[in-house]
Each structure stands twice: as C-alpha cells, then as structure tokens.
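What follows is one structure encoded as structure tokens, with my remarks underneath.
The values are calculated or read from the model by the stated rules, or taken from the named source; none is laboratory data. Note that this is a predicted model, so its numbers are computed, not measured. Every residue, glycine among them, receives a Cβ derived from its backbone with ideal geometry; neighbour counts consider all protein chains shown.
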Amino acid sequence: MTHNTDRNFSLFERARAVIPGGVNSPVRAFKAVGGTPRFIGRAQGAYMWDANGTRYIDYIGSWGPMILGHGHPAVLEAVQKAAVDGLSFGAPTEREVELAEAILELMPSMDMVRLVSSGTEAGMSAIRLARGATGRSKILKFEGCYHGHADALLVKAGSGLATFGNATSAGVPPEVVQHTLVLEYNNVVQLEEAFALHGRDLACLMMEPIAGNMNFVRASTEFTRRCRELCTEYGALLVYDEVMTGFRVALGGAQSVYAQQIPGFAPDITVMGKVIGGGMPLAAFGGRREVMEQLAPLGAVYQAGTLSGNPVATACGLATLHEIRKPGFYEALASSTRALVSGLEAAAADEGVPFCADSEGGMFGFFLLPELPQNYAEVMRTDGQRFNRLFHGLLERGVYLAPALYEAGFVSAAHTQDDIAATVAAAREVFKTL
Ligand code: HOZ
C-alpha cells in the first residue's frame with residue numbers, strides 16, 4: 001500500500017496538524033517503534049479494524065479495560081439504556097451506589113470507595129488522601145512504576161538510595177517532586193534503608209503490585225511482605241495501584257494473589273481504573289473507613305469531579321463486573337493467557353531467540369531476554385531494535401501488540417484458541433527473521 005492509498009497515513013498527517021504529535025496520549029504515536037499508528041475504525045470481540053479495513057488480533061484491549069473483548073452485548077445494552085436516561089447529572093445516582101457496593105464486595109481491603117474518571121485522577125487523589133490522613137508530606141514510589149501523570153508522581157528514579165525529585169517531565173517544578181522518594185523495585189535492602197532514614201516522614205508507599213508499565217514485572221513475595229510490614233511499623237499507608245491489575249489478574253486484584261502468599265495481607269488504599277469502567281472513563285480509590293472518612297465532605301481532604309460516578313460509565317462498569325463474576329471466568333482467561341505465553345516461549349526457543357514471559361490472569365508480558373527482569377534497569381537491557389522488528393513483524397501479520405517494549409499485554413475473554421494459535425504461528429515466522 002502506498003502512502004496515497006493508506007488511510008492510516010493520511011489520517012496521521014491530518015492529526016499531526018491539529019493534535020500535538022497526532023495523538024491524545026503519547027505512546028499511541030508509535031514513536032518508540034516507528035511507522036504509522038493504526039487509526040481504529042471499529043472493534044468486535046478480540047479484533048480491531050483500522051482505517052484501511054485491516055483486521056488485527058488485539059492484545060492491548062484499550063490498555064486493559066476490554067477484558068470481555070470489544071462490543072460485549074450485555075455491556076452495550078446497559079450503556080445504551082443508561083444513555084437514554086441521561087448522560088450526566090452532576091448529582092448522586094442509585095447506580096453509583098450499586099457499583100460501589102459491588103467493588104467493596106470484591107475487594108475486602110476497602111470499606112469505602114470513591115469513584116472518579118481516570119486512573120491518574122484516582123492516583124493523585126490517593127496521594128492527597130494519604131498526606132491528609134497522616135499529616136506527612138513525603139511519598140515513596142519505585143522506578144518503573146507508573147501511577148498516572150500527576151506532577152508529584154512523574155518522577156524517575158535516580159540510581160541509588162534516597163534520590164529525591166528528578167521530574168521525568170518538563171513543567172514539573174523541582175519543589176513539587178522534592179517529597180517524592182524513588183527506589184529500585186524488588187530491592188528489599190534499599191527499602192529497609194529508606195524506611196530507617198525517612199519512614200517517620202512518609203505519608204505512603206505507592207506501588208504497582210505487578211508493574212505493568214515496565215512491561216510485566218512482579219513484586220516478589222518477600223518485597224511485598226516487607227513493604228507491608230515497614231508501612232505498618234512506621235505509620236505510612238500502603239497504596240496499591242491496581243489500575244492495571246484490578247479485576248484483571250484476578251477477581252480480587254493482585255492483592256488477592258499476594259494475600260494467598262502472605263496471610264492477612266492487605267493494602268491501606270487501593271487505586272483502580274480500566275476494567276472497573278469496562279471501556280468508559282471510570283476509576284476509583286478506596287480503603288479503610290477511617291482513612292476514607294478524611295475525604296470531603298466528611299473530612300478536610302478535598303476531592304471532586306463533575307463527571308465522577310457518571311451514569312453511563314457506571315452502567316458500563318456494573319455490566320462488566322457482572323460478567324467477570326461468573327463462575328470460571330478467570331480460570332478460562334488465565335488459561336488462554338498462559339497458552340499464549342507458553343506458545344510464544346516454545347516458538348522462540350525453537351528459533352533460538354532469547355525470550356522469557358510471564359502472566360497472571362489476563363495480563364502478560366514478554367522480554368527478549370534470557371531471564372525475567374526484576375526491576376527497571378534489568379528491563380532496560382532489552383534490545384529495543386529487536387523488539388521493534390518483532391512488533392512490526394507481528395503487526396504486518398495482523399497481531400496488534402502495544403507499540404513499546406515497556407507495556408504489558410492483555411488477553412480478553414473473547415480471544416479464542418484459534419486466535420492464540422494464529423498469534424503464535426505469526427510470532428514463529430517473525431522469530432525466524434529476528
Ligand atoms: N497509559 C498507557 C501507557 N501505559 C497509555 C494509554 C493510552 O495511550 O491510551
């Protein structure tokens with residue numbers, strides 16, 4: 001196809017004239033992998049079709065929300081009905097109470113929850129709440145963990161302990177990030193040293209339990225256990241960012257997976273997004289009652305939103321939660337995801353490509369490395385050019401992965417064994433050329 005006949009290309013040209021970089025969220029621009037982003041016209045089940053009408057097996061799933069696949073009939077019906085009754089009221093509704101009740105039932109660490117519109121908003125609000133509830137300013141995060149684009153959280157780690165305040169973005173004043181401490185993920189020694197030095201000043205430790213923004217890196221059980229113990233010992237709140245993992249890796253989120261390994265394990269605050277909105281702008285943060293009651297109008301921590309608890313988004317979220325609660329849902333999803341991961345591993349091994357992969361529930365990641373990385377520095381050892389060749393080879397064969405090696409992948413309940421087999425066959429062809 002020439003540029004003259006490629007509608008993706010012409011749309012990207014038009015987009016670049018009116019939208020910075022041609023996209024409304026940077027990674028969509030294919031800057032890391034090169035080439036022309038696909039402009040999606042429609043999607044159904046496990047597939048998406050671009051502006052040229054080319055079909056792709058979709059492993060992004062809108063970056064996580066589309067756990068049922070695209071266009072699930074029960075979800076569409078709920079959304080259509082809700083839209084007829086009104087798009088937004090800016091007033092309380094019965095449906096948001098129902099959704100809050102459903103979330104709390106599935107997430108026992110939360111006594112109360114507040115609905116917002118995006119994961120960034122939920123993460124930002126959780127930090128304010130933690131600071132308000134503890135009366136402390138400092139926060140701790142880990143290199144490679146992404147918690148949305150709020151100023152205080154856009155901090156890259158400096159190497160080594162106790163590195164405060166290196167904003168990853170222009171426009172974030174140093175004073176805003178001076179309270180953000182960044183440590184290496186899965187490094188227990190560094191964690192213990194940091195708490196010994198700053199523990200009494202920390203409002204919270206915020207983490208992705210399975211980091212999905214440095215591809216897919218699990219927190220080790222020991223690291224998770226020490227995070228919990230040290231927060232308790234020093235009076236800091238443990239904030240679990242389950243925007244990606246919530247209702248994605250298990251019905252009770254990643255915290256339910258860790259609770260099986262660490263008896264009594266629970267975070268103090270959980271941040272959620274993506275799946276709880278089923279594809280509509282909806283996110284949430286929740287936690288223990290005495291912490292959540294610090295929020296306005298009960299408490300002194302202000303937080304608000306015109307579209308919070310939006311009636312159409314909550315209908316979409318409720319219908320999605322209804323489906324994922326059905327018996328066997330996660331077993332089937334995890335089994336499809338494992339089949340994908342083990343198929344890719346076997347194909348890479350046959351072709352002599354260094355490759356490793358991991359998955360939990362419907363979330364997966366893979367690396368062109370001989371061993372699974374434990375932290376961001378290890379993830380960075382991936383050969384980016386090789387990943388780009390793999391990405392484009394798969395895209396040409398109708399398989400749509402995230403256009404950057406730092407992103408996790410997502411399988412939906414709509415992916416069939418045939419889709420997985422076709423993906424593995426395509427990968428095998430590409431591995432031969434890497
Ligand atoms: N937050 C996503 C990257 N981890 C990108 C979301 C999007 O572009 O839609």
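Restricting attention to the range 364-371, does a residue exist that is among the hydrophobic types (A, V, I, L, M, F, W, C), in contact with a Cys (Cβ under 7 Å, 6 or more places away or on another chain) and over 30 Å from Phe39 (Cβ atoms)?
Yes - at least one qualifying residue is present in the range 364-371.
Tell me, which strands (runs of 3 or more DSSP E) wholly within the range 133-245 include 3 or more residues that are closer than 23 Å to Gly365 by Cα?
The qualifying strands (runs of 3 or more DSSP E) are 237-242.
Take Thr120 and decide whether it is touching a Gly at 6+ places or on another chain (Cβ under 9 Å), over 23 Å from Gly199 (Cβ atoms) and either of a type in the set (S, T, N, Q) or modelled with pLDDT under 95 (or both). Steps first, please.
Details: touching a Gly at 6+ places or on another chain (Cβ under 9 Å): yes; over 23 Å from Gly199 (Cβ atoms): yes; either of a type in the set (S, T, N, Q) or modelled with pLDDT under 95 (or both): yes.
Considered against the rule, which asks whether it is touching a Gly at 6+ places or on another chain (Cβ under 9 Å), over 23 Å from Gly199 (Cβ atoms) and either of a type in the set (S, T, N, Q) or modelled with pLDDT under 95 (or both), Thr120 comes out as yes.
In the set Ala203, Ala236, Ala211, which member is within 16 Å of the ligand (Cβ to nearest atom), within 23 Å of Ala150 (Cα to Cα) and not charged (D, E, K, R)? Please lay out each step first, then the result.
Numbers: Ala203 fails: within 16 Å of the ligand (Cβ to nearest atom); Ala236 fails: within 16 Å of the ligand (Cβ to nearest atom).
Answer to the check: Ala211.
Checking the conditions here, which among Leu405, Leu333, Leu390, Leu401 is modelled with pLDDT under 95 and surrounded by 21 or more Cβ atoms within 10 Å (Cβ to Cβ)?
Details: Leu333 fails: modelled with pLDDT under 95; Leu390 fails: modelled with pLDDT under 95; Leu401 fails: modelled with pLDDT under 95.
Of Leu405, Leu333, Leu390, Leu401, the one residue that is modelled with pLDDT under 95 and surrounded by 21 or more Cβ atoms within 10 Å (Cβ to Cβ) is Leu405.
Within the range 337-434, which helices (runs of 4 or more DSSP H) (wholly inside it) include 1 or more residues that are within 16 Å of the ligand (Cβ to nearest atom)? Steps first, answer last, please.
Numbers: elements: 376-379, 384-396, 417-433.
Filter on the range 337-434 gives 376-379, 384-396.
Within the range 67-99, how many residues turn out to be touching a residue at least 40 places away in the same chain (Cβ under 8 Å) and touching a helix residue (DSSP H, G or I) at 6+ places or on another chain (Cβ under 9 Å)? Full working, then the answer.
Filtering the range 67-99 down to residues touching a residue at least 40 places away in the same chain (Cβ under 8 Å) leaves 67-70, 72, 74-75, 77-79, 81-83, 85-90, 92-93, 95-96, 98-99.
If we keep only those that are touching a helix residue (DSSP H, G or I) at 6+ places or on another chain (Cβ under 9 Å) as well, we get 67-68, 72, 74-75, 77-79, 81-83, 85-89, 93, 95-96, 98-99.
Number satisfying all stated conditions: 21.
Let me confirm something: among Ala254, Ala219, Ala284, Ala211, which residue is hydrophobic (A, V, I, L, M, F, W, C), touching a strand residue (DSSP E or B) at 6+ places or on another chain (Cβ under 6 Å) and within 28 Å of Gln178 (Cβ to Cβ)? Even if it seems obvious, please write down each step before you answer.
Numbers: Ala254 fails: within 28 Å of Gln178 (Cβ to Cβ); Ala219 fails: touching a strand residue (DSSP E or B) at 6+ places or on another chain (Cβ under 6 Å); Ala284 fails: within 28 Å of Gln178 (Cβ to Cβ).
That would be Ala211, the only listed residue that is hydrophobic (A, V, I, L, M, F, W, C), touching a strand residue (DSSP E or B) at 6+ places or on another chain (Cβ under 6 Å) and within 28 Å of Gln178 (Cβ to Cβ).
I'd like to check something: does the range 46-57 contain any residue that is touching a residue at least 12 places away in the same chain (Cβ under 8 Å), over 22 Å from Tyr406 (Cα atoms), among the acidic types (Asp, Glu) and surrounded by fewer than 18 Cβ atoms within 10 Å (Cβ to Cβ)?
no
Would the range 3-23 turn up any residue that is farther than 12 Å from Tyr400 by Cα, touching a Phe, Trp or Tyr at 6+ places or on another chain (Cβ under 9 Å), of a type outside the set (S, T, N, Q) and at pLDDT below 95?
Yes, because at least one residue in the range 3-23 is farther than 12 Å from Tyr400 by Cα, touching a Phe, Trp or Tyr at 6+ places or on another chain (Cβ under 9 Å), of a type outside the set (S, T, N, Q) and at pLDDT below 95.
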